[in-house]
Structure formats: C-alpha cells, structure tokens
Amino acid sequence: MAGYHFQEKWGYGIGLIADATGGVTEGLSESRKIYQALEDQIADAFKGAGKADAK
C-alpha cells in the first residue's frame, strides 16, 4: 500500500516537472529565434556599412 502511494505521488511530481520543463524549452526556443533574427540584422547592417564605405 505504501508503495502505491509513493508511486502515485512520484507520478504527479514527474508530471509537474515535465510541465515546467516544457515551458522552459518553449521559452528557450523562442529566445533563440529572437537572438538569431537580431544577429542576422546586425550582420546585414555591417555588410551595408562596408559597401557604403567602399564607394
């Protein structure tokens, strides 16, 4: 009987951890997309600046 209660609580706890890590994973994925877009914009700005100086 004690094993059943432990297993039940353990399953509930694991579910909470899975929910929390899912949210973190989604947040990190969104952050990566934002940083990549910013990095691309900065790289493009430097490419454009180099062309303007060459003229």
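The values are calculated or read from the model by the stated rules, or taken from the named source; none is laboratory data. Only a predicted model underlies this, so the values are computations on that prediction, with no experimental measurement involved. Ideal geometry is used to build each Cβ from the backbone, glycine not excepted, and the neighbour counts take in all protein chains shown. Side chains included, ligands, DNA and RNA excluded: accessible areas come from the protein's heavy atoms. Shrake-Rupley method; radii C 1.70, N 1.55, O 1.52, S 1.80 Å.
A compact table of results
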| read-out | value |
| --- | --- |
| Options 14, 25, 43, ranked by Cα towards positive dipole end of the chain, top entry (Cβ charges) | 43 |
| Label point distance in nm, residue 24-residue 47, each placed 7 Å from Cα along Cα→Cβ | 3.6 |
| Carbon/sulfur fraction of accessible area - the chain, other protein chains in place, 1.4 Å, % | 65 |
| Tilt relative to the chain, helix 2-54 - C-alpha long axis, 0 to 90 degrees, to 10 | 0 |
| Whether the chain is rounded, prolate or oblate, judged on the alpha carbon gyration tensor where a/c under 1.5 counts as rounded | prolate |
| About the Cα centre, charge dipole magnitude for the chain (Lys/Arg +1, Asp/Glu -1 at Cβ), debye | 200 |
